[in-house]
Amino acid sequence: METNPADLFTQAEAHLNQAELYYQQEKYDDSLRECDTALGIDPALADAHNLRGVILEELGREWEAISAYRQALQLDPDFHEAKNNLATLKSDLVAQGGLITIATFGYPTEAYLSKAKLAAEGIESFVADEMMTTWLYPTTTGGVRLQVREADMEQALEVLSQEAEAIELTAAEFDEEEDSLG
């Protein structure tokens with residue numbers, strides 16, 4: 001017997017409502033469990049991902065909260081509450097010394113390429129101020145910043161410098177090959 005999608009949505013909403021109730025009662029572990037149950041039923045509930053982020057913040061699990069807010073925004077890019085929660089949390093982490101800017105770029109694309117390189121090495125990073133730049137004057141606001149946790153700074157810089165060395169090596173190899181041809 002197939003389960004009706006409307007019934008599943010109703011079940012997920014019921015768990016989300018219970019999660020909100022537990023959150024208001026400051027029963028964060030119970031609230032998180034209900035949120036996870038709702039998301040197990042319907043992983044596309046942006047509200048549940050956002051609430052999950054709020055709960056994780058209360059539990060002191062800020063890095064997981066960032067991921068939850070991002071998931072909510074991936075599902076609903078216009079979710080203003082999730083945008084505000086993410087921006088506030090990032091600002092708080094920067095103020096606490098939790099995030100360090102390791103590079104600045106003229107364009108968001110450049111920052112996201114470096115972010116992908118760090119992710120491939122298992123280093124979580126964040127792109128800041130990507131909305132503050134324009135294609136016409138990309139550096140008038142100081143550029144797009146790539147940030148990492150303070151504890152990951154050395155490893156991240158090493159990964160990015162290896163990439164720069166590889167690019168330089170490739171350019172040098174190209175020059176050598178060009179010289180040998182002509």
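Pairs of Cα atoms under 8 Å, at least six residues apart: use those to get the relative contact order of the range 1-96, whole percent.
This gives 20 percent for the range 1-96.
Loop-only check: which GluC sites (Glu not before Pro) in the range 1-57 are DSSP coil with at most 14 other Cβ within 10 angstrom? It would help to have the intermediate numbers written out before the result.
On the way: sites: Glu2, Glu13, Glu20, Glu26, Glu34, Glu57; in loops: Glu2, Glu26.
Qualifying residues, ordered by number: Glu2, Glu26.
Label-point separation (nm) for Ala120 and Thr101, each offset 7 Å from Cα along Cα-to-Cβ?
If labels sit at Ala120 and Thr101, their model points lie 2.6 nm apart.
Once you have the Cα-Cα distance between Leu59 and Ala87, take 0.36 nm times their residue separation minus that, and quote the gain in nm to one decimal.
On the way: separation 28, 0.36 × 28 = 10.08 nm, distance 1.83 nm.
Difference between extended and current length: 8.3 nm.
Values in this text are rule-based calculations from the coordinates and carry no lab data. Computed from a predicted structure; not experimentally measured. Ideal geometry is used to build each Cβ from the backbone, glycine not excepted, and the neighbour counts take in all protein chains shown.
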